[in-house]
Amino acid sequence: MKIYGRGSLVLITAGLLAAASQVEARAQRMGQIPNGGVNGCANCHVSSAGGGPRNDFGQMVEASFLSPAGFSGRVQWGLELAKMDADGDGATNGEELGDPEGLWKSGDADPGDAAAITLPGDPSSHPPIEEPTAVEANTWAQVKEAMQELFK
Ligand SMILES: [Ca+2]
């Protein structure tokens, strides 16, 4: 077994503390968006463990919705951020996070249904897209049939 010198131990300890404080600081941001705890770090980061590159929503927040800008910034959740669609999947950030009108404030209870929360930065994760019901499909079939009868 190799014995590390005191210098190595100090460096390793400093590195671990720096990494831990960074993750801890960013983890606070989960409490700055509605239902942030449902998907945790994956709301803003490509890796669900946090750190590393940000997804589309994380990049949007970082670019325009932190106050102050930078590491210590708090997410400015509100109507503007709620109405945007960071990942372009057709559902707004607010619809994905259960607060379409951006009314939620940090410290409020999470709005909406936790089971319906999706990732605002992942286009493959979104609320269900409404399919036409059997009645609507049937009605359309009847309209087509009626039109075909008209133009016979
Ligand atoms: Ca979206």
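The values are calculated or read from the model by the stated rules, or taken from the named source; none is laboratory data. On a predicted model such as this, the values are computed, not experimentally measured, just so you know. When we count neighbours, we look across all protein chains shown, and the Cβ atoms used for this are built from the backbone with ideal geometry, even at glycine.
Values as computed for the structure displayed
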item: Contacts under 6 angstrom Cβ, first residue in region 61-86 being farther than 11 Å from residue 100 by Cα, partner in a loop (DSSP other than H, G, I, E, B) and more than 16 Å from the ligand (Cβ to nearest atom), 6 or more apart; result: 65/76; 66/73; 67/73; 67/76
item: Residue count for region 83-127, restricted to those that are buried (at least 16 other Cβ atoms within 10 Å of the Cβ), part of a loop (DSSP other than H, G, I, E, B) and among the polar types (S, T, N, Q); result: 3
item: Answer from 119, 103 - the residue that is within 16 Å of the ligand (Cβ to nearest atom) and closer than 27 Å to residue 73 by Cβ; result: 119
item: Scan of region 38-56 for residues that are under 15 Å from residue 94 (Cα atoms) and either not in a helix (DSSP H, G or I) or not β-branched (Val, Ile, Thr) (or both), ordered by number; result: 39, 43, 44, 56
item: Near pairs, Cβ below 7 angstrom, 6+ apart or cross-chain, from region 111-136 (over 17 Å from residue 81 (Cβ atoms)) to any residue that is among the hydrophobic types (A, V, I, L, M, F, W, C) and more than 9 Å from the ligand (Cβ to nearest atom); result: 114/38; 127/116
item: Test result for residue 128, within 15 Å of the ligand (Cβ to nearest atom), more than 11 Å from the chain's Cα centre (by Cα) and modelled with pLDDT under 95; result: yes
item: Among the candidates 80, 136, residue that is more than 16 Å from the ligand (Cβ to nearest atom) and outside any loop (DSSP other than H, G, I, E, B); result: 136
